[in-house]
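The values are calculated or read from the model by the stated rules, or taken from the named source; none is laboratory data. Computed from a predicted model, the values in this text were never measured in an experiment. Glycine gets a Cβ as well: all are built from the backbone with ideal geometry, and neighbour counts include every protein chain shown.
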Amino acid sequence: MLRLEKLTKTYKTGDQALKEIDLEVPEGQVLALIGPSGAGKSTMIRCINRLVEPTGGAVLLAGTDLTRLGAGALRRARREMGMIFQEYALVERLTVMENVLSGRLGYVGFWRSFLRRYPQADVDEAFRLLDRVGLLHMADKRADELSGGQRQRVGICRALIQNPKLLLVDEPTASLDPKTSRQIMRLITELCRERGLAAIINIHDVALAQMFVPRVVGLRFGEIVYDGGPTGLTPDKLTEIYGEEDWEATIEKVEEEEEEDDADMRAAE
Amino acid sequence: MSQHRELDDMLGRGWRKPPFVRSALLRWSLGLGFAAYLVAAYLTIEVDWNRVYEGLDRGWAFVLAFTSPDFLSRWSDIWSGLLESIVMTVAASVVGILISIPIGLGAARNIAPLPVYVICRGIVAVSRALQEIIVAILLVAIFGFGPLAGFLTLSFATIGFLSKLLAEDIEAMDRSQAEAIRASGARWMQWINYGVQPQVMPRLVGLSMYRVDINFRESAILGLVGAGGIGATLNTAFDRYEYDTAAAILILIIGIVMALEYLSGVIRARVQ
């Protein structure tokens, strides 16, 4: 459904952030993109919806090459791609509801959005999504009154109300504590399954990625150095992606924590 | 105790913050040179102490007038002057702010393309370079005496002030919030309305209130060059040596400025 062909990004400084990336993401597949800081994960996600302009190659979404679209067509194409951000990127002085409804901006005209008079169907869907993530009672709160985990859930609603085919998720858990991180990852992967959405999730926490996704792509210096299942990430592979480190110790420890945490969550529910 | 490490050299040595100017010679000559210039500059200011002594009397008469301000004998002049100033202030502020917003958007490098940016920054620079009094003199020459010249002057000055500060606030905004709105497929106007406006609104309101305040004070000055308002009344009072009436006018101006100051504080606190 999404295909990257020789996708390249060279910054003006001459830094090659992406080197001819080829990647195919089938319908409904959730994929984690791992790699060290500066490997090009964030650039790759932003080249797909052209928040960053790629310098070469093609991005094919359901057969359309997004890199060749004009301004208007690009706007329409962006509606098909929901994005979830590191640090949430909610508009802090707007209410939760305005933030969620801003996901519909690509569909409604300027005056409707300016006067905040969204079609009833959009408003109903916003309520439904907020209820799904457990934040219905927060609808009229200002976004900056929410905690980190709550903000990210609002961010998820904003992406989903676009009714996208694809989710682009940029470090969704980078500023969250370990427990909230898992809840957010679980929520994202559950929602993708419910709606048959494909997703690319940038994440630097390898253990978290392994826990929740069926496919992991490893990026290093703008090149794909690993593409396979989460269990295939052996210490050798991780060393290839990140460089030398004692992988056995870190991985096992985190998995133990996860089991305890799961037990906690079940007890809480 | 085998090998010599770098750390061993550092231990026991004192530590000072590195000076801003590295070279000691340059550092001292800059400091001494500035001090010498300051002394020389003060020595060139000529003070005629006899003249100051004579002037003290006149100044004292002026101060005394404040103890007996005369609101009544010229009340109708004062009232019409005040009204004219308030009309000028409100009209010029509204027009100026409305024009400043698009120019401010255009003068923000992070949202405007280069040609628009250059044009808008040019407008801002022209407006800021020309001092209000000079603009007022020019506009009085074109439109004649009266509040129209004052209104246009204040509108023009508001544009330079507000556009520049608004543009700087937009340039300092959080990019990710705006980026998230763009990623949803919003149009440019929607992007401004959702991604940019909420971030700069408190500052825009605060600056606008501050500008209303400045415009009122300026309107008192513009009268001196014939651009109408309470300044014209004040000027007349001085010309007639009616210091008690002048004092009444100044007290009113001070009162109104203080009221505006208080109001803007209340409004700014509410829009945070």
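For this structure, a couple of remarks:
- For the residues B:232, B:227, the requirement of being more than 14 Å from chain A (Cβ to nearest Cβ), farther than 25 Å from residue B:102 by Cα, outside any helix (DSSP H, G or I) and at pLDDT below 90 singles out B:227.
- Scanning segment B:173-197 for residues that are without any contact (Cβ under 8 Å) to a residue 12 or more places away in the chain and either touching a helix residue (DSSP H, G or I) at 6+ places or on another chain (Cβ under 9 Å) or more than 8 Å from chain A (Cβ to nearest Cβ) (or both) yields B:183, B:184, B:185, B:186, B:187, B:188, B:189, B:190, B:193, B:197.
- Of all residues in segment A:1-29 being part of a strand (DSSP E or B) and charged (D, E, K, R), the one that is farthest from residue A:61 (Cα to Cα): A:19
- Members of segment B:6-34 found to be surrounded by 10 or more Cβ atoms within 10 Å (Cβ to Cβ) and of a type in the set (A, V, I, L, M), listed by number: B:21, B:26, B:30, B:32
- Only helices (runs of 4 or more DSSP H) whose full extent lies in segment A:52-131 are considered here, and the ones with at least 1 residues that are out of contact with any Gly (no Cβ under 9 Å at 6 or more places or on another chain) and closer than 26 Å to residue A:40 by Cβ are A:71-78.
- Qualifying position, being modelled with pLDDT of 90 or more, away from chain B (no Cβ under 12 Å) and buried (at least 18 other Cβ atoms within 10 Å of the Cβ), among A:154, A:133, A:123: A:133
- Where helices (runs of 4 or more DSSP H) sit wholly within segment B:18-116, those with at least 1 residues that are basic (Lys, Arg) occupy B:24-44, B:49-67.
- Here residue B:74 meets each of (1) basic (Lys, Arg); (2) over 21 Å from residue B:226 (Cβ atoms); (3) buried (at least 16 other Cβ atoms within 10 Å of the Cβ) with one exception, condition (2).
- Remark: residue B:203 matches the filter, which requires a residue to be within 14 Å of chain A (Cβ to nearest Cβ), in contact with a helix residue (DSSP H, G or I) (Cβ under 7 Å, 6 or more places away or on another chain) and in a helix (DSSP H, G or I).
- Among the residues of segment A:92-112, the ones that are over 15 Å from residue A:161 (Cα atoms) and at the interface with another protein chain (Cβ under 9 Å from one of its Cβ atoms) come to 5 in all.
- Count of segment B:120-134 residues which are aliphatic (A, V, I, L, M), surrounded by 14 or more Cβ atoms within 10 Å (Cβ to Cβ) and either without any contact (Cβ under 8 Å) to a residue 40 or more places away in the chain or farther than 20 Å from residue B:171 by Cβ (or both): 2
- Conditions (1) in contact (Cβ under 8 Å) with a residue 40 or more places away in the chain; (2) buried (at least 19 other Cβ atoms within 10 Å of the Cβ); (3) under 12 Å from the mean Cα position of the chain (by Cα); number of the one not met by residue A:174: (2)
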